[in-house]
Amino acid sequence: MPYATAEDLRAAAGAFAAAPDRAAARSAAADLAWVAVDDAVAVSPLAAEVVSTARRLVEDGFRWRADAFAVVIHALDHDHVWRDLRAQVRTYRGQYDESIAREQAVAEALQGFDGRVRDLLADPDPETRSLAALLLTRISPEPEADRELLLLLAGADNDDLARGCLGRAILSLGEDGALELLADPSPVTRYRIAHHPWELADSAGRARVLEILGETPLPWESWNWPAEVF
């Protein structure tokens, strides 16, 4: 697969900003996500510009905020490969400098964005506040305080999938209270929290997760938002 170019970025960003409907926004978001990642392995040289574009749109009141958050999450989920490799080698000698600089540029492009993301945890749209919670876990400068905030919001949210996403975000920031979250009456909420619970160290928590995942399997679409599909 050829690497994305600056022209690809301009085209995708323009289409995303001008998207007249959700289908167009989803298509443009997928294109932006592709630009941000090289061969689905690590962030590209254009990744920082991609997340800056998504950030700027959200801060300007963009309609398709959940999709913008999903683009940023996609980039961040690939924003570690070269730093991980550097940590694994005995003698670094700077062989990953250029690639590590790409990753650091992504982090720098998102500095201070957590405030706007936190504001949108109260968005009227449940998909937007769900993606805001999932993004906040990746960029929070105060994870303990944000975890307490998410616990409060999860208890008050009346949307099953949004509550599941909040629970998933809470679990990502710390295990305390995880068993209580897994007792939610909604199967969608429980399933979303239980899926891929690599953070759980507690044996009772792991047993509860296996019990939930052993229940009648739920369709993928029922416990994921459209914004999360690329």
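At-a-glance table
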item: Linear extension gain, D176 paired with R86, 0.36 nm per residue minus alpha-carbon span; result: 29.2 nm
item: Distribution of pairwise C-alpha distances over the range 129-223, 5 Å bins, in %; result: 2, 15, 28, 26, 18, 8, 2, 0
item: Rounded to the nearest 10 Å², the accessible area of R147 at probe 1.4 Å; result: 20
item: Residue-span extension gain [W220 to V41] - 0.36 nm each, minus C-alpha spacing; result: 62.1 nm
item: Cα→Cβ-extended label distance, 7 Å offset, between D123 and H196, nm; result: 2.0
item: Solvent exposure ordering (accessible area, 1.4 Å, most first) of Y92, Y3; result: Y3, Y92
item: 1.4 Å probe accessible area per residue over the chain, in Å²; result: 49
item: Sequence-separation-based contact order of the range 31-95, relative, with Cα cut under 8 Å and 6+ spacing, percent; result: 34
item: Rg over Rh [alpha-carbon atoms, Kirkwood Rh] for the range 1-111; result: 1.02
item: Rounded percent of accessible protein surface that carbon and sulfur make up, the chain, 1.4 Å probe; result: 54
item: Distribution of pairwise C-alpha distances over the chain, 5 Å bins, in %; result: 1, 7, 14, 16, 18, 16, 13, 9, 5, 1, 0
item: Two-site FRET efficiency, R93 against E7, from Cβ-Cβ distance with R₀ of 45 Å, rounded to 0.05; result: 0.80
item: Highest-fluctuation residue, L171, L218, L135 considered, GNM on the chain with Cα pairs under 10 Å; result: L218
item: Furthest towards positive pole of dipole, P141, W198, A154, structure part the range 129-223, Cβ charges; result: W198
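The values are calculated or read from the model by the stated rules, or taken from the named source; none is laboratory data. Note that the structure is predicted; figures quoted are calculated from it, not measured. Note that each Cβ is placed from the backbone with ideal geometry, even for glycine, and that neighbours are counted across all protein chains shown. We work out accessible area using only protein heavy atoms, side chains counted, and drop any ligands, DNA or RNA first. Shrake-Rupley method; radii C 1.70, N 1.55, O 1.52, S 1.80 Å.
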